[in-house]
Amino acid sequence: MLIGLVRDSVMQCFCHTCRAPILPAVNRRSAPTKKPTKTRTKQPKASKKVKFITTEIRCQEKSKGGLCYEVILAEPAVNVTLPKLPVTPGKAVSAEEIEEKLKAAEERRLSLEAKKMADWSAKMAKIEEASRKKDEMDQLFKTHAKELLDTKMEQYEEKREQQITEIKEKLKMHAAEIEKTRHSLEHTKSEELKTQLEDKLRIAATLRDDKIKKILDRLKEHNTDKLNEVRATVDLLESQKSEEKTRIIENKLSTAEQNREKEIQKKLDLIRKHERRAEIVRQNKAALATQKNDDNSVTASSG
């Protein structure tokens, strides 16, 4: 019936101003059953007489291509008396039953607490076991890592020592080769230098002999006067040089004599000073000795 009402109202008009025709109210018991998914609003019964209610249908577009209908069966009633439910008489409970119930509740509470404590202890035991296993695994990992590190370090040390020995051997071989090549180069260079020096000396000797021959030839060509003049000039120069040398030597001897006298005078002054100090020390010693003798005599006379 409600479905037909909705269908008629929809077929009649889609606007929100007009209303559907008024239909007589139908008793709740005679109404057809609906699907359990849809909820119905319960209308209170005012009286047993049949009354007419107004029905309003509102249409609203919720989504694209879809419509939503709201069916309002009646206006909300004012001062409606709700039906009272019958009061069921309570069951009489004795004090013993209450005590038993309390004891049962206490036992349940204690059992729940014991169960909770047992669960907690089991969890703590599991946690401790897990932590112990974790510590053991960590210790095993540490020991394994340490062993691996030790082995790697030993291998590294062995490889390093082996590399060092190989490098030393290579360096020794290289040094031996360098020394060998150096000796060979020195030998070859010494021989080459020797031959070059001999050649140079031979060439220099031949050139010197040639120059001497040329000079002798030129000297033979000179006149005797020229030779005499040259000899005179040479003798003059030699005499001047010898006089200059003698003068320089005399000056040096005089300065050396003066310096020697100064040094002797300084040494004599030092010796005199030393003698004066020795004389003062001797006088002081004598004065001390006389003072001691006087003191000894005084002590002897007093004794």
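The values are calculated or read from the model by the stated rules, or taken from the named source; none is laboratory data. On a predicted model such as this, the values are computed, not experimentally measured, just so you know. Using ideal geometry, Cβ is built from the backbone for each residue, glycine included, and neighbour counts are taken over all protein chains shown. Ligands, DNA and RNA are excluded from the accessible area calculation, which covers all protein heavy atoms including side chains. Shrake-Rupley method; radii C 1.70, N 1.55, O 1.52, S 1.80 Å.
With Cβ to Cβ distances under 13 Å as the rule, what net charge do the other residues near residue 256 carry (K, R +1; D, E -1)? Provide the component values of the computation, followed by the final result.
On the way: positive: 252, 260, 262; negative: 250, 257, 261, 263.
My count for the surroundings of residue 256 gives -1.
Count Lys and Arg as plus one, Asp and Glu as minus one, and take only other residues whose Cβ is under 13 Å from that of residue 186; the net charge is then +1. Take residue 124: with every protein chain present and a 1.4 Å probe, its accessible area is about 70 Å². Computed with a 1.4 Å probe on the full set of protein chains, the accessible area for residue 187 sits at about 110 Å². Diffusion of segment 93-184 by Stokes-Einstein, at 20 °C in a medium of 1.002 mPa s and with Rh set to the Kirkwood radius over alpha-carbon pairs, works out to 102 µm²/s.
Report Rg/Rh for segment 181-276, rounded to two decimals, where Rg is the Cα radius of gyration and Rh the Kirkwood radius. Walk me through the numbers before you get to the answer.
Working: Rg = 29.4 Å, Rh = 20.6 Å.
Value, to two decimals: 1.43.
Accessible area of segment 144-238 with a 1.4 Å probe: how many percent of it is carbon plus sulfur?
Values: 5450 of 9250 Å².
Heavy-atom surface of segment 144-238 belonging to carbon and sulfur, 1.4 Å probe: 59 percent.
Computed over protein heavy atoms with a 1.4 angstrom probe, the accessible surface ordering of 250, 191, largest first, is 250, 191. Against the criterion of solvent-accessible heavy-atom surface with a 1.4 angstrom probe, 282, 182 sort, most first, into 282, 182. For residue 260, the solvent-accessible surface computed with a 1.4 Å probe is close to 120 Å², ligands and nucleic acids excluded.
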